[in-house]
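Heads up, the thing below is written out as structure tokens.
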Amino acid sequence: MSAFTKTMRFVGDLDDEFYDDERQRDVWNEASAIGFQLFYWSALIGAAILAWTGSTAGAWFALGILVLATLISCATLAYSAARGVNLYTAAKLGRVRGVVAGAIMAAGYIGALVRLQPDVYSQVSSWAGAAVGAVAGGGVAVLIIWQMRKRNARFEAGEI
């Protein structure tokens, strides 16, 4: 077991005797998922509102919350992948809630960056460049996910 997996298991307290009972474990895992999602959505919405309505200090707090939420999501995905479950092959990615979460997160990041760097985004060309960069980056991410799904489908079909 890698140091990362051991650390994540420690953080989640997964070796506790509480998890020995299957029903308790299942209910607690559901409750933990609900708690994580509730916190995640609250943080995203709060950060997006704070980024647009707060002062410069509020924008820094919003940016910190958004970066932390992004890092925690990445750690969650990494733990899942380390345990052999790939979200990108197992989940439907085009669901409405994913699009809404992405839009809220983007609104928060954009709001914080606009508040913190007003001179950079004062010209239309800067906004156009940022938009093109966002579309290009999103396109690359979609292509990578598509390739992963295709590769994992071939693997599960026994072709690799």
For Cα pairs less than 8 Å apart in space and 6+ apart in sequence, what is the mean separation divided by the residue count of segment 40-79, i.e. the relative contact order in percent?
39
Hey, what did the chain get for relative contact order, percent, Cα under 8 Å, at least 6 apart?
25
If N is the number of residues in the chain, what value comes out of its Cα radius of gyration divided by 2.2 N^0.38 Å?
1.27
Computed for the chain: size of charge dipole around the Cα centre, +1 on C-beta of each Lys and Arg, -1 on C-beta of each Asp and Glu, debye to nearest 20, value 700
Solvent-accessible area per residue, Å², over segment 32-82 with all protein chains present [probe radius 1.4 Å]
56
How large, in percent, is the carbon and sulfur part of the accessible surface of the chain at a probe radius of 1.4 Å?
68
Judged on accessible area alone, 1.4 Å probe, highest first, 19, 109 line up as 109, 19
Selection from 41, 135, 19 lying farthest towards where the dipole of the chain points positive, charges on Cβ:
135
Run the helix sum for the chain: -39,500 (n - 2.57) per DSSP H stretch of 4+ residues, divided by residue count, reported at 222 nm to the nearest 500 deg cm²/dmol.
-27500 deg cm²/dmol
Residue 73 accessible area, 1.4 Å probe, all protein chains in place, Å² to nearest 10
30
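The values are calculated or read from the model by the stated rules, or taken from the named source; none is laboratory data. Quick caveat: nothing in here was measured; it's all calculated off a predicted structure. We place every Cβ from the backbone using ideal geometry, glycine too, and count neighbours over all the protein chains shown. When the accessible area is computed, the model is the full protein with side chains, heavy atoms only, and any ligands, DNA or RNA have been set aside. Shrake-Rupley method; radii C 1.70, N 1.55, O 1.52, S 1.80 Å.
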